[in-house]
Structure formats: structure tokens, C-alpha cells
1. Give me the pairs, please: first residue somewhere in the range C:65-85 and within 12 Å of residue A:244 (Cβ to Cβ) and within 11 Å of chain A (Cβ to nearest Cβ), second residue anywhere and of a type in the set (Asp, Glu) and part of a strand (DSSP E or B), beta-carbon distance under 7 Å, and either six or more positions apart or on two chains.
2. How about the range D:167-259: which helices (runs of 4 or more DSSP H) wholly inside it have at least 3 residues that are more than 14 Å from chain A (Cβ to nearest Cβ)?
3. Looking only at the range B:23-49, which residues are outside any helix (DSSP H, G or I), more than 10 Å from chain D (Cβ to nearest Cβ) and in contact (Cβ under 8 Å) with a residue 24 or more places away in the chain?
4. Identify, by number, the condition in (1) assigned to a loop (DSSP other than H, G, I, E, B); (2) of a type outside the set (Gly, Ala, Ser); (3) closer than 26 Å to residue C:106 by Cβ that residue C:66 doesn't meet.
5. State all residues of the range A:224-247 that are buried (at least 24 other Cβ atoms within 10 Å of the Cβ) and over 13 Å from residue A:316 (Cβ atoms); if no residue qualifies, say none.
6. Which residue pairs have Cβ atoms under 8 Å apart, sit 6 or more places apart or on different chains, and have a first residue in the range C:51-64 that is at the interface with another protein chain (Cβ under 7 Å from one of its Cβ atoms) and a second that is in a loop (DSSP other than H, G, I, E, B) and hydroxyl-bearing (Ser, Thr, Tyr)?
7. Please enumerate the residues belonging to the range A:135-167 that are modelled with pLDDT of 85 or more and in contact with a Cys (Cβ under 9 Å, 6 or more places away or on another chain).
8. Check the range A:272-294 and report whether any residue there is more than 24 Å from residue A:107 (Cβ to Cβ), open to solvent by less than 10 Å² (accessible area, probe 1.4 Å) and away from every other protein chain (no Cβ under 12 Å).
Amino acid sequence: MSETKEIIITSDKIHTDEYLVNMGPQHPSTHGVLRLLVRLEGEMVHNIQPHVGYIHSGIEKMCEAISYPQVIHLTDRMDYLSAHMNNEAVALCIENALQVEVPERVKYIRTIMDELSRLASHQLWWCVMGMDLGALTTFFYGLRDREHILDIFEETCGARMTLNYSVPGGVMFDIHPNFQKRVKEFIKEFRKKLPEYDQLLTGNVIFQERTNDIGYLSLEDAIAWGVTGPSGRGSGFSCDVRKHQPYSAYPLVQFEEKLATKGDTFTRYRLRMEEMYESLHIIEQLIDNIPEGDYAVKMKGVVKLPEGEFYQRVETARGEFGVYIVSDGKKNPYRVKFRSPGFSNLFALNKMAAGHKIADLVAIMSTLDLVIPDIDR
Amino acid sequence: MTLNDIMFYLFAGSILTFSVLTVTSRRILRSAVYLLFVLVSTAGIYFMLNYNFLAAVQLTVYAGGIIVLIIFSILLTSHVSEKAVVAPVRQQIFSALATAAGAALTILTFLQYAFTPSASPAVEANVHNVGLALVSYGRDGFALPFEVISILLLAAMVGAIVLAKKEKHLATAGNQPKINPDNSSKS
Amino acid sequence: MINEELQAYLAGKFSNAEVKPGKQYLEILVQAADLHETAVQLKGVPELSFDYLICLTGVDYPESMQIVYHLESVKHRHMVVLKVNTADRVDPKVDTVSDVWQTAKYHEREVYDLLGVKFNHHTDLRRLFLDDDYGFPLRKDFKDEVRIVER
Amino acid sequence: MGFNIYDFSGMTHNMHLWFLERMSPTATTIVEWTIIGVSYMLFVALFGLFLVYAERKVCAAFQQRLGPMRVGYWGLLQTIADFIKLLMKELIMPKSADKFLYNLAPFIVMIATFLAMAVLPFAKGLQTLDFDIGIFYVTAVSSVGVIGILIAGWSSNNKYSLIGAMRSGAQILSYELSVSLSLVTIIILAGSMQLSVVVESQRDAWFIFKGHIPALIAFVIFLIAGTAETNRGPFDLAEAESELTAGFHTEYSGIKFAFFFLAEYINMFIVAAMATTVFLGGWMPLHFGSFESFNVVMDFIPPLVWFFMKVLGVIFLIMWFKWTFPRLRVDQILTLEWKYLLPINLINILLMSLVVLTKFHL
């Protein structure tokens, strides 16, 4: 095995004061099968070497053997918390390639679902953030509210996490008659619950002490390492695809791309909290105005893309997600590449966490909001 | 044999056994733990003598303080699998002789000393008296030694801090460390 | 710069490269030898300043491996797709751009892992996901003995 | 035998005489020791189980859920089921662990807890040992417990355990200072370290009321430092699960793990019991100066009930900390102790001395 060899090489080179600790592959704070080879001096982290691939499932290879609509099903399994955004990316890419114009209704539904997914993902991130810092109660607060969104998802498309809702040309089913009512109820309730989050965690002295002034990521580093999403925006990297290359109904809504310049852990935390308000704001603008019409355009039974290369960027909850499809005109893609936000974000971890304590490493990793299948694909 | 005797022999036996084990064990942390047992047994004997204050001091200072520090330093420096090297026979013989001589001297002194009951009435060693003696500055007072020891300990503490304070080669939180994380990640 | 301007500018700047508008973005196809210099220019020249490497990937074409770089400028908000073909398909080699865009370091490792493209001067070219003795699964001639994924 | 719920000294004295009539003094002592030992073990086991259950219910209440509900009425038997599970679990030992120390560690922790329990006055006459150095004794023996944690961390031959042990060592050594100094504040007020005397002198008013602000400050510091001493959240760095998986007891399983677990809860009980005895009047009922009728009603409630009411109150407070606050970082925990609690404590002692000297207290 290559792994064993590697360790021997590494231990030859390590300094006498240092020792190696394997954080993972099974570790409570990696939230998945991720292994960080951490070099420590006492409690001080000198270097972090991420080792990935424990759950590499070869999605890109699998995509080459299946038809285009089937590709969408696999994207659910990558970043399972941003499943809908991933679906949408592939759907948009196919629609772009085929020059299909989807009905307005679809755009609205997709955008609302996007923002609901983003909220659900940020809620789970918030739960886990608190849990990583030792405040277990946050976990239950976050899950309590996330449950409402998942219920809405379930009612809409039958699934709670792996939605598989976007299909080329539209969405799979029309929204449930209750959809608007329930979303509005949820928004009303969640607007009341969000301040509770701040009371429980944000305002806590220990929490602020733990997260302030650690894990700095400068703007230059954020761009160079391709750190996107809230993590990048915390460093002032304006990378919101929703703003820069708007898709679906995003050109139609008013919203702000939240940016901060400090670039430390607490800033990234605040930014995600702000984004939740922003997501609520977006949904509020759309939910009452969903136009009537078809929920999908009629597509051919076998989707065949014209020859060429197509790239589609969307903004998921963790950053920029990209789909790169190379087509040779057949019914299945020649090559598919998913540019996942987690992959780029993870490798900036060393930059951010080296020189801090182990406890800080956990906090920093938490604000990167990693989803391991998203990295391993 | 009364219960007191039984307890005494139990404590004395454990002191003897664990003392020997302390110096013969080849694993350093085990030695420290045996030493802990010796000190705790000593505290037990103090408790038997109704000398509670000294017993508690023994527990706090030796068991809770010194042994913890010893264990702490072992934790920082050695590994579970490490074993002490057996000393050469020459050293072993020499140490045995030195120990025997010391023991003989002590036993001889004990045997030659005529233990006579003190004429003055026994002072009960309760906290009240101990406290009074500690802060009184009269003939039997310990105020001066107490203060002198305080200064000594303070000096020792300052010295320890000076010794322990390394040069700050690692930056504190917020700054990047001296080691360049990019270059070192290839290891 | 809008696309036409950018195209003209790039065509003037990189005479050896082939600049053409793609289906979505502007594409530059450079010679393998010029890759590193082009990358440095793309990032360094203030009018271009392509400082954000969005995506780096490789495609196994029948005659050569193609490495594709999706680049964006944070300042100017324009995008370009940089492409390079390797000389050899079986033992492909290109220069690394990880000294230009740090994130490329791991994207290149991924490409090496899945396609077997060697990146010259890469500081840490090891496999990322898979074992050392595993083949290069994204190559078209890869045979998966256990679970046959065939087109 | 004269069972009196308000004063147990008569009952225990009669029992002693009853035994003496029937057997030799040595045999009497041995029998009495056995009775006391067995009752302590029973108490630790049962109260430990109860505390685990209480913790889960309290935590569930904070987290808006129900907690264990399946085994027994309202999940009352859940902890017993868990305990049986722990008993039956395989004892796994790391291959390269130091076997002797690895097995010894949980016992040292357990013994230290038992030793500390020996002096706690549960009610009038219900106290095993009544040293004149009672408070000092508790701090002395509880300082031995940390050795068990250190040994456990080192002998497991696991880096996480080692880091956990070092954190725990640094933390407990530091916070012991604050615990002792906050107790010293009250010793100055009480004028004695004997726990029975300390309780007795709170007959008219609890020390937390008697000592005004200094006593209140000391109480708060004692609670903080006591929580830290027991390695509980927000000071649970030694077993910080998100950083060190399970800290010093990562490699322990089955009944050995249960020992650490139980010791943690019993330590929490000891901290709460000390807080109760020293600050909240022990088993003394709540009395207000001249409200005679109120005082009489309060007197009617048995001392044992008073004691456990107060203890459970403090324990609830400690649990509340854990389920609300995030965990501190290791440097912050030491900063808190050495830069804040310790100076405040020293000044507080001066303040208390002034209060006592000027007879400003109640």
C-alpha cells in the first residue's frame, strides 16, 4: 500500500520536537472519511497534509457510461447537502448545450429550491460548527429548523436529501399545492429562530474567543487557492456566481453578495449567518410570484448533446460548483468533470491552520464546511 | 494483635515493598507510580498517628504535587515502550554496598538511642495549634522560616520560568509560523 | 474587456497560440512548451490578470491528452479557457502551473491520479485518491476488471 | 435503635454499642468498616446511575427533546441497561500499552473519589470521618485523582490520549489552586476546617449570605474551578471529542471506561456537595433571621432532603454550563485561571479577612 510507504518517508523527515497525528479517517470533527496527517509540536499544529480518496467513487468515470439525464442522479451523491444546486448545474449545462429555453416557472422553482437547500446546508453547518466547538445543544437547534425544509423537500419531490429534482428542461414534478404556504410559514418561523442562533452561539464569549483572530486567509491566498463560497467571501473574494454569471431566476431578484475583508474564522461564521438572511430575502421575493405555466419543456427521449465542450458554474452552499462536459455527439458524455468547491477549499486548510492549536484547526475546518464526498467524488 | 497493628504492618509492608519496586522497576512511569504508593502509605501512617494535618500535607504536596510533576515530565519525555538500561554489575555492587552502609548506620543510630518519654506534656497537633505555630514569631514560632521559604520558592519559580522560556520561534495565533506551510507539505 | 477585445488582445500577445471563441468562452490553445510562460503572462499582465483558476482538468482524446484550464479575472471579470495538448498520449507531460496558481497543485495531482499526466517541476506529484499501482481510470483504454464501466 | 430522621448520631452510636455487646472491639471495627464501605459503594453506584440519567434528561430538556424514554417508565431503567451493556463489553487493550498502568489508572481515579467522599456530611451524624482538617483533606485527596488520568493517557500509547492527559494535568493542577483558595476564603469566615463545625456555624445563616460579596465571589469561583476540576464542559478539554476523539480514555472500553465515566459523575457530586457544605449550609435548613414561623417550617424538612436538594441544585447548574457553552481552548483555560481567577481570588481573600476582622458579616 502506498499509505504505509508514505508514513515512513514522513517520519524520517520530521523534526524531533514534532510528532505525527492522524486525524481521521475516522475522526469526529472531519465529518466524513477524511484523513488529515497533522504534524504537531505539543498542541501547536505545524503542518496539515490532507489525504483524500477514502470514498472516491469514480463518479466522473461512471458518467461516461450513462446517459445525460442519468448524470444528474449521480450529482446528488457528491455534495449531498447542496444536492439541488448540483442537479441544477448539470441540467443548466445540458439546456445551454441544447439551446433550450426553460419556462419562467421552472426558473422560479429552481431558485427557491436552491435557496432552501442553501438554508438547510447552512443550518447543518451551524449545528456542526457548534458541536465542533463543544456546544452540543446547537446541533439540536439547527436540526429542528432544518427538519421543516426537509419536509418541504419531501412533499415537493419525495426525497429529503438527494432531491434529484431538476431534469434537463425543467423540474421533475410540479410543486405541491401546499408548497407556497409551507415555505412562507417556514420563513416566518425561521426569521424568529435565527436570532436564537445568535443568542446561543454567536454572542457567547467563549465562542467569540475561540473563533476570533484565528485561521486568517488573505484575499490573495483565497484567490490563489480558489477558495470560494462563504469561505472565500469572508476574505473579500467576490466569487458569488449568482451575481457574476447569474442563472435561473437570480437576475430577477434583489440580493446582496455579502463580503467581508477580515478573513478569520469568526468572519466566515458571520458571513454564513448573514447569507441565511439573504437567502430568506431571495425566497420572499420569489415565493408569491411563481408564474403559471409548464414545469418542464418537452425533451426528446434520448438527450444528445452537440459536439463540443460545455461549462456551467453555479453557486452551491460551499462555493462554486462547475460542470465541464465534453460531448462527442453521442447519447452519453465523452468526459465529465465536476469542479467541486470542497476540493479547492480543503487544500487551503494548511495555509489557514498551520501555526494554530489543534482546537483551532477543528474550528477552522468547521468554517470551511467540508463535505467529503464532494471532495472525493 | 489489634487492628491498629494490622494497619501499621500493612502500611509498613507496602512502604517497604513499593520502595524496593520503585528502584528496581525498569519502566520509569511504573517507578513513579510505586513511589506514589510509598508516599500514600506514609500518609496513611500519619493518619494512624492522628496527625491529620501532616498526612493531608503529605498527600497534597507529595502525591498531588511532586508525583504529578514527575509524571508530567515523564509524559513529555518518554514513550511507553522505553525501558531503563540495566546498570553494569560494578555499579550495582557499589550501589548495593552504599545502600547497605546507609541502612546499617540508620539502624545503629536507632538501636543506640535511648528512647525516653518526654517530660513536657504532649501538644495536640491539630490545625489550630499548627496554624498558631506557623504564624507566631516567638521562640517556637515559624513565621520567619515560613517567609524565608516563601522567598526561596518564589526565587525558584522565577528561575524555572526563565529556564523554561524558550525563544519564541513559533509565532502566536494569527501570524504565520516560521515553517512555510507550502514547502513543508511535501513531506 | 469584452470578448472581442480580449480575443484581439490575446491573439496579439500570444502569437504562437491559437485564440478562438468557443461555444461559451474564449479559448486559447497553446503549445506545450509555451504553457508555463503563457500562464505567467495571463496572470501577470495587468490588462488580463487571470488570477483565479476555477477548474483544471484533463481530457483523453484519441491522439493526445488535453489539459483544460478555466480561468477568471477577479478584477476584470472576464473568463478564458486555456488548453494545451500533450505531445504523447501514453506518457503525457506538461509543465506545472502550480507556481502560478497555488490551487493547481492539487488539481494537477488529481489529473495525474486519474489520467496519468505528469507535470514537470511539480513539487509533490503523488497520487491523490488511488493506490500507486492502480491504473489511470479516466483514460479511455482503462479496463476496470471488477466493475465494468463501458461506454 | 432509635431512628431519628433529624439526627443520625444517636442511631449510629446505638449501632456501635449493639455491635460491641456482641463481639470484640476489633471485630466491631471490621464489621462497621464493611457496612460503611458497602453503603458507600452502593451509594456511588446508585447515585452515579441516577446522575447519568439526570444528565441525559437535563441535556434533553435543553435540547428540546425527551431523552431516553424506552427502557422503563420515562426511561428510568435506561442507565441500568447501559451499565449492563458496559459490563458485558469486551475489554480491549492496545497491543503496546503498559498493561499494569493501563489497568491501574481507572482504579486510582475511583479510589481518589471514594477517599474524598469519606468526609462529606450528609446529615447531622451521618458523616464517616470528621477530621479537623476536613476541607483540606478533600482538596488533598482529590489531587490524587489526576494521577489516574495522567497514567491512563500515557499508558494507552495513543497520541490523542497523551494530549488529553497533558491537557487534563495542566488544567487540574491550575484549577486546584482556585478551588483551594476559594475554600480558604470561607475557612477564614468559618474559623475552622472541620466540616461538621463549618455546617454547624451556618445554623443562623448560610455562608453565602453571611459573607456578603466576598462569599458570593468565592462561590462563583468555586463553581467555575470545580467544574474545571471535574473535567466537565465547558472545560472538558481532556476528552474533547471533536478534537481528541475521547481524550485520555480513548482506548478504554467496557467496565474500565465505566469507571472513568462514573468517577466523573461522582466527582461532580463531590464538587456539588462541597459547594453545598461550605457555601450553602450543608444539611442546614434555610433560615431567615427573625422569621420564627418560617424557620420552624423549614426545620421540619429533614436534613438529608435539604442536603440533596442543594446538591442537585448545584449539579443542575453544572450541567447547565455543559449544555450551553462551547469548549474553551487550552491556552484560554490557563489564561482564565492564572490571569483572572487567581488574582480575583487573592484579592477576595483579603476582602474576606477585612470583613471578618471588622465583624462586618452577619
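The values are calculated or read from the model by the stated rules, or taken from the named source; none is laboratory data. Given the structure is predicted, the values throughout are model-derived calculations rather than measurements. Cβ sites come from the backbone with ideal geometry, for glycine too, and all protein chains shown count toward neighbours. Quick note on the areas: whole protein, heavy atoms, side chains included, nothing else; ligands and nucleic acids left out. Shrake-Rupley method; radii C 1.70, N 1.55, O 1.52, S 1.80 Å.
1. Partner pairs satisfying both residue conditions: C:79/C:72.
2. Here the list reads D:195-200, D:207-210, D:212-229.
3. Listed by number, the list holds a single entry, B:26.
4. The failed condition is (1).
5. Passing the criteria: A:225, A:226, A:227, A:233, A:234, A:235, A:237.
6. Taking only residues 6 or more apart or on different chains, the pairs are C:51/C:73; C:52/C:73; C:53/C:103; C:59/A:334.
7. A:137, A:138, A:139, A:140, A:141, A:142, A:143, A:146, A:163, A:164, A:165
8. Yes: the range A:272-294 contains one or more residues that are more than 24 Å from residue A:107 (Cβ to Cβ), open to solvent by less than 10 Å² (accessible area, probe 1.4 Å) and away from every other protein chain (no Cβ under 12 Å).
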